[in-house]
1. Can you tell me the alpha carbon radius of gyration of segment 15-75 divided by the globular rule-of-thumb value 2.2 N^0.38 Å?
2. What percent do you get for the relative contact order of segment 3-138 when only Cα pairs under 8 Å and 6+ apart count?
3. Could you order the peptides 80-89, 49-58, 65-74 from most to least packed, using the average number of other C-beta atoms within 10 Å per residue?
4. Counting each DSSP H run of 4 or more residues in the chain as -39500 (n - 2.57), what helix-only mean residue ellipticity at 222 nm follows after dividing by all residues, to the nearest 500 deg cm²/dmol?
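Read the figures in this text as sums done on the coordinates, not as results from a lab. Being a predicted model, the structure only gives us computed values, none of them experimental. Cβ coordinates were reconstructed from backbone atoms using ideal geometry, including for glycine residues, and neighbour counts include every protein chain displayed.
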Amino acid sequence: MTGTSHSGKRIGRGRSSRSDWSARARYVLRHLDDPIALERSPLCRLAALDRLARQRYPQGILPRGRTLRDLAALCLEEIEAELDGHAGVAKLKAFAALTRQGSGVTEASRAIGISPEYATRALKSVLVRLLGQKLQIKLR
């Protein structure tokens with residue numbers, strides 16, 4: 001994959017680092033309900049995502065952005081399912097579900113009963129890392 005990321009950093013061919021995938025996942029979460037913004041994600045330039053987009057939305061507008069949104073939602077559902085039954089991560093699971101449903105950090109933190117600062121620092125950072133890992137697996 002080549003080009004420039006949303007942060008302006010050059011993206012080269014070959015393997016991307018975990019922090020690259022986390023940065024991309026953070027961008028996807030920030031723009032989860034905005035297919036126009038998602039179209040600008042470096043992930044939309046990956047051949048795997050392009051193939052999915054052509055299959056899912058062959059005649060539609062914003063096929064890559066919509067496909068990336070669908071894929072991110074699927075990854076968030078999988079993260080929720082994998083966290084199910086683990087009491088120590090119940091807040092993270094709830095935060096993932098609320099994020100997938102379109103809640104922002106402040107709204108999700110209120111629903112869970114924690115501060116937005118804690119949600120950002122502890123929950124969102126972990127969710128970004130897990131989403132990055134899931135997207136990396138699915139878009140290889």
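1. Working: Rg = 11.0 Å, N = 61, 2.2 N^0.38 = 10.5 Å.
Taking the Cα Rg and dividing by 2.2 N^0.38 Å, one obtains 1.04.
2. Details: 143 pairs, mean separation 36.3, N = 136.
Over segment 3-138, the number comes to 27 percent.
3. On the way: 80-89: 11.8, 49-58: 14.8, 65-74: 19.9.
Sorting 80-89, 49-58, 65-74 by mean packing, highest first, produces 65-74, 49-58, 80-89.
4. On the way: 7 runs with 82 residues, N = 140.
Calculated at 222 nm, the ellipticity per residue is -18000 deg cm²/dmol.
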